Amino acid sequence: VQGYSAVYDSGTDETKRQVVSTIVDEIHRSGGRFLKKHGKRSSEVVCWKEVPSGEVRQKVMQTFRNRRRQLTVSRQKVSSTKGPLIEGEPLPNDVIFGRAQRNPGSELLHRLIKDHFEEYESLGRGVKMRLVGSIMQTITDQGGRFLQPSASEDGRWLEVPKDNVRERI
């Protein structure tokens with residue numbers, strides 16, 4: 001995908017379809033397949049089924065869109081994570097973004113993501129955004145905020161803007 005990103009991002013719909021077909025064909029020619037895991041509960045036997053070609057093409061296109069969005073978000077994070085500064089320690093229900101940041105709010109977020117992962121993967125883009133919004137709302141309804149350590153203010157926290165939170169979830 002990385003090698004085709006520039007062509008895909010700047011191409012017409014027809015060009016995008018050709019890029020996706022090229023990728024899928026290359027994988028098939030090399031003996032690769034697109035598989036989906038079935039059987040999720042611990043009591044079920046896990047098996048893999050081949051993904052239909054239409055779904056494969058949708059997933060490849062989604063990969064391009066996700067990659068473009070991640071690049072945009074990473075550029076925005078540098079310039080737009082300026083939320084209000086919070087003094088003192090985070091509250092128990094706050095979600096803390098950053099490495100090795102664990103507290104009850106962050107654990108709740110991870111559990112909600114895990115619980116809704118299969119559902120999220122099966123949804124269309126607009127519905128995915130609503131699901132992410134409902135996860136965010138669950139956190140805020142319990143008094144949680146979305147925080148990250150301030151890079152410049154020792155011992156202080158930045159409240160992460162909702163758009164940045166949505167992209168991180």
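Per residue, how much accessible surface does the chain expose to a 1.4 Å probe? Answer in Å², no decimals.
Using a 1.4 Å probe on heavy atoms only, each residue of the chain averages 67 Å².
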(message) I need to check one value: relative contact order of the chain, counting alpha carbon pairs closer than 8 Å and at least 6 residues apart, in percent.
(response) 21 percent
(request) Could you please tell me the mean projected area of the C-alpha convex hull for the chain, averaged over all directions and given in square nanometres to one decimal? (result) 12.7 nm²
(request) With both partners inside the chain, how many of the DSSP beta bridges are antiparallel, as a percent to the nearest 5? (result) 80 percent
(request) Please give the helix 13-29 orientation as an angle from the longest Cα principal axis of the chain, in degrees from 0 to 90, rounded to the nearest 10. (result) 70 degrees
(message) Tell me the carbon and sulfur percent of the accessible area for the chain, rounded to whole percent, probe radius 1.4 Å.
(response) 50 percent
(message) My understanding is that a pair violates if its Cα-Cα distance is over 27 Å; which of Lys16/Lys114; Lys16/Lys128; Lys114/Lys162; Lys128/Lys162 do that in this structure?
(response) Lys16/Lys114
(request) For the chain, find the longest principal axis of its Cα atoms and tell me its angle to the long axis of helix 125-141, 0 to 90°, nearest 10. (result) 20 degrees
(request) May I ask which residue of Trp157, Thr63, Thr15 lies farthest towards the positive end of the charge dipole of the chain, with charges of +1 (Lys, Arg) and -1 (Asp, Glu) on Cβ and the Cα centre as origin? (result) Thr15
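So which GluC sites (Glu not before Pro) in region 118-161 are both in a DSSP loop and have at most 12 other Cβ atoms within 10 Å of their Cβ?
Answer in residue order: Glu153.
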(message) If you fit an axis through the alpha-carbon atoms of helix 104-122 and take the longest principal axis of the Cα set of the chain, what angle between them do you get, 0 to 90°, nearest 10?
(response) 20 degrees
(request) Just read off the accessible area of Thr12 with the full protein assembly in place, 1.4 Å probe, to the nearest 10 Å². (result) 90 Å²
(message) Please give the charge dipole size of the chain, origin at the Cα centre, charges +1 on K and R Cβ atoms and -1 on D and E Cβ atoms. Round to the nearest 20 debye.
(response) 500 debye
(message) Could you work out the relative contact order of region 95-169? I mean the mean sequence separation of Cα pairs under 8 Å and 6+ apart, divided by the number of residues, in percent.
(response) 33 percent
(message) Loop-only trypsin sites (Lys or Arg not before Pro) in region 5-37, please: DSSP not H, G, I, E or B, and at most 13 other Cβ atoms within 10 Å.
(response) Arg33
(request) Quickly estimate the mean residue ellipticity at 222 nm for the chain, helices only: each DSSP H run with n ≥ 4 gives -39500 (n - 2.57), and the total goes over all residues, rounded to 500. (result) -18500 deg cm²/dmol
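The values are calculated or read from the model by the stated rules, or taken from the named source; none is laboratory data. These numbers were taken from a predicted model, which means no experiment stands behind them. Positions of Cβ are generated from backbone atoms using ideal geometry, with glycine treated the same way; all protein chains shown enter the neighbour counts. SASA here: full protein model, heavy atoms, side chains in, ligands and nucleic acids out. Shrake-Rupley method; radii C 1.70, N 1.55, O 1.52, S 1.80 Å.
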